[in-house]
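Student: This is the structure I want to talk about, given as structure tokens.
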Amino acid sequence: MIRTKMQIVIVVIFIVFEGMLEANRKIQRQKTRNAIQKDEEWMKERSYESRAQINSVKRSNTNTPPSSVAFTYKIYDDTDEIAVGDTVKFDTQIFDNTGSFDPSTGEFTAPSCGMYVFMLNIRSNQGKVCWIDIIKDGGERLATAFAQSSDKVHDGDSTFLTIYLKEGDKVWTKNHGYQGTVCTIDFDSSFAGFRLN
């Protein structure tokens, strides 16, 4: 009889304990659902804020210049002879986030005013002498790269400069013509520039 009463007490304790566990699980599930709901509301709120910020930036940037300007173009294949005074046309885009460099003309047009850095890297073909200038509107020579290759060895040169440009100013490269010579440059040659922010 004592044993039966003990078994009954154990069963009752077990049932009560099981009920408490189930009640605790329900509370935890509700807390989890509440936390998830709060997180979802927070994310939705941030999403609206983010969209509002993006739309605000889009609206404010409709008539403003891009915050960064950068380009790099190279020569796809060795050039034909470049006559004295002719523009060097770097025809293969590596990067150009504003489309400010026109490979068909070889000219960069500043989309906004600011300080710009330009870099020119040339490598003349064997047996050629190349004197390439970086030119600004009005024919002003800004910098020069000079490469004189032998019949067996390529020669290269690089130059860079920093200059203030107004919106619409143009910068390009041309064959200065060392002692009136035409030149050819190879596919390792490149022209790049960016605006300092």
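Residue-wise test of (1) among the acidic types (Asp, Glu); (2) under 19 Å from Thr159 (Cα atoms).
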residue	(1), (2)
Lys74	no, yes
Asp80	yes, no
Val84	no, no
Thr87	no, yes
Phe108	no, yes
Cys113	no, no
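Student: Would you point out the residue of region 173-197, among those that are modelled with pLDDT of 85 or more and more than 22 Å from the chain's Cα centre (by Cα), that is nearest to Asp91 (Cα to Cα)? Spell out how you get there, then give the answer.
Tutor: Filtering region 173-197 down to residues modelled with pLDDT of 85 or more leaves 173-174, 189-196.
From what is left, the residues that are more than 22 Å from the chain's Cα centre (by Cα) are 173-174.
Values: Thr173: 13, Lys174: 14 Å.
Per the criteria, the residue is Thr173.
Student: A further question on this structure: List the strands (runs of 3 or more DSSP E) that sit entirely inside region 140-197 and contain at least 3 residues that are open to solvent by 70 Å² or more (accessible area, probe 1.4 Å) and at negative phi. Don't jump to the end; show me each part of the working.
Tutor: Details: elements: 140-148, 155-165, 170-175, 190-195.
The strands (runs of 3 or more DSSP E) meeting that bar are 140-148, 155-165.
Student: Which ones in region 119-129 are more than 20 Å from the chain's Cα centre (by Cα) and either open to solvent by 60 Å² or more (accessible area, probe 1.4 Å) or modelled with pLDDT of 95 or more (or both)?
Tutor: Going through region 119-129, the residues more than 20 Å from the chain's Cα centre (by Cα) turn out to be 121-129.
Result: Arg123, Gln126.
The values are calculated or read from the model by the stated rules, or taken from the named source; none is laboratory data. No experiment lies behind these values; they were computed from the predicted model shown. When the accessible area is computed, the model is the full protein with side chains, heavy atoms only, and any ligands, DNA or RNA have been set aside. Shrake-Rupley method; radii C 1.70, N 1.55, O 1.52, S 1.80 Å.
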